[in-house]
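Report on one structure; see the data block that follows.
The values are calculated or read from the model by the stated rules, or taken from the named source; none is laboratory data. Just so it is clear, the structure is predicted and the values come from calculations on it, not from any experiment. Because the Cβ atoms are built from the backbone with ideal geometry, glycine has one as well, and the counts that use them run over all protein chains shown.
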Amino acid sequence: MSDASYTPPNVWTWDRASGGKFANINRPISGSTHEKPLPVGKHPFQLYSLATPNGVKVTIMLEELLEAGCKEAEYDAWLVNIQEGEQFSSGFVGANPNSKIPALMDHSGKHPQRVFESGAILLYLAERFEKFLPSSGPDRAETFSWLMWQMGSAPFLGGGFGHFYAYAPEKYQYPIDRYAMEVKRQLDVLDKQLANNEFITGSHYTIADMAIWPWYGLLAHGSLYDAGEFLQVHEYEHLQRWTKQLLARPAVQRGRLVNKVWGDDNRQLKERHSASDFDGLLD
């Protein structure tokens, strides 16, 4: 299919109807659209999120901390339905002026501390609990490098390939081919890295794994954008091994369910306030 030619105007103007599935929430300005405070539960950590890959990064991290015995990592997870524009409430904009999930509020200190951007939240929690991040040296540098790799690479997978392949109101060959090529290159990067390493950065499970798996692991699993066959993800054998290895972790299984509002009703946990909330969901 050939793309229709398009000549950009001298001045771009916003067409409210454009944008496909997310046209009702996309806009070229920031800030809140309505007044609504954020709910606050009983735990020091309050997470406001949705089970997209970026949200799942953080719920996996919190569940891994609890699995590791860090009782102080108990948290409340509140649903922020981005398709309903809840990320534009005054309370959420106060927690994240960029209006993107996830956002974390830490109430353990004298004054509440906001942390936004999923990578920043992973780093904040890793340093707070001294878990899943090497304390110094080459291993720490390698973990930082792969964390930043994910943050720089995933927009090509999500806003690029995912949008044009799964969500765009019209399908055009050029953008799909362009981003499919880049995503397959990224999969090859990961597959080659994992050929000689148990985890992304070596022999230790780190926040780099937690950041990369919800995007590329779920893509390799075939559940992200239903694009497994299209991208022939089975070809990446080392990535497949790592994907299955992490999927077998109890904390990963729990983290995937938090703030989830689609799929099997028995695999959704819209809000999470205690470990007992998972009862009956993982059987």
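Return a yes/no flag: does the range 23-35 have any residue that is in contact with a helix residue (DSSP H, G or I) (Cβ under 7 Å, 6 or more places away or on another chain) and of a type in the set (D, E, K, R).
Looking through the range 23-35, at least one residue is in contact with a helix residue (DSSP H, G or I) (Cβ under 7 Å, 6 or more places away or on another chain) and of a type in the set (D, E, K, R).
What's the number of the condition Ala73 fails, among (1) under 30 Å from Ala180 (Cβ atoms); (2) in the same structural domain as His273 (by TED's automatic domain parsing); (3) out of contact with any Pro (no Cβ under 7 Å at 6 or more places or on another chain)?
(1)
Test each condition in (1) more than 19 Å from the chain's Cα centre (by Cα); (2) without any contact (Cβ under 8 Å) to a residue 40 or more places away in the chain for Leu231 and report the one that comes out false.
Going through the list (1) more than 19 Å from the chain's Cα centre (by Cα); (2) without any contact (Cβ under 8 Å) to a residue 40 or more places away in the chain, Leu231 breaks only (2).
Sort through Leu219, Leu224 and tell me the only one that's in contact with a helix residue (DSSP H, G or I) (Cβ under 6 Å, 6 or more places away or on another chain), farther than 25 Å from Ala141 by Cα and buried (at least 20 other Cβ atoms within 10 Å of the Cβ). Don't jump to the end; show me each part of the working.
Working: Leu219 fails: in contact with a helix residue (DSSP H, G or I) (Cβ under 6 Å, 6 or more places away or on another chain).
Answer to the selection: Leu224.
Kindly provide the set of residues from the range 8-61 that are surrounded by fewer than 12 Cβ atoms within 10 Å (Cβ to Cβ), farther than 17 Å from Asp277 by Cβ and in contact with a His (Cβ under 9 Å, 6 or more places away or on another chain), ordered by number.
Scanning the range 8-61 gives a single hit, Phe22.
Given the structure, is Ala120 closer than 21 Å to Ser49 by Cβ and at pLDDT 95 or above?
Judged against the criteria, Ala120 is a match.
I'm checking my understanding of the structure. Among residues of the range 62-96 that are hydroxyl-bearing (Ser, Thr, Tyr) and buried (at least 19 other Cβ atoms within 10 Å of the Cβ), which one is nearest to Lys21 (Cα to Cα)?
Ser89
All but one of (1) within 30 Å of Val40 (Cβ to Cβ); (2) modelled with pLDDT of 95 or more; (3) not in a loop (DSSP other than H, G, I, E, B) hold for Asn266, so report the exception by its number.
(2)
Of the residues that sit in the range 197-228 and are more than 20 Å from Leu133 (Cα to Cα) and part of a loop (DSSP other than H, G, I, E, B), which one is nearest to the chain's Cα centre (by Cα)?
The qualifying residue nearest to the chain's Cα centre (by Cα) is Leu224.
Hey, any hits in the range 117-128 for a residue that's surrounded by 13 or more Cβ atoms within 10 Å (Cβ to Cβ), among the polar types (S, T, N, Q), assigned by TED's automatic domain parsing to the domain that holds Lys42 and not in a helix (DSSP H, G or I)?
No: the range 117-128 contains no residue that is surrounded by 13 or more Cβ atoms within 10 Å (Cβ to Cβ), among the polar types (S, T, N, Q), assigned by TED's automatic domain parsing to the domain that holds Lys42 and not in a helix (DSSP H, G or I).
When residues of the range 251-279 are filtered for being in contact (Cβ under 8 Å) with a residue 24 or more places away in the chain, surrounded by fewer than 16 Cβ atoms within 10 Å (Cβ to Cβ) and within 21 Å of Glu72 (Cβ to Cβ), how many remain?
Here the count works out to 4.
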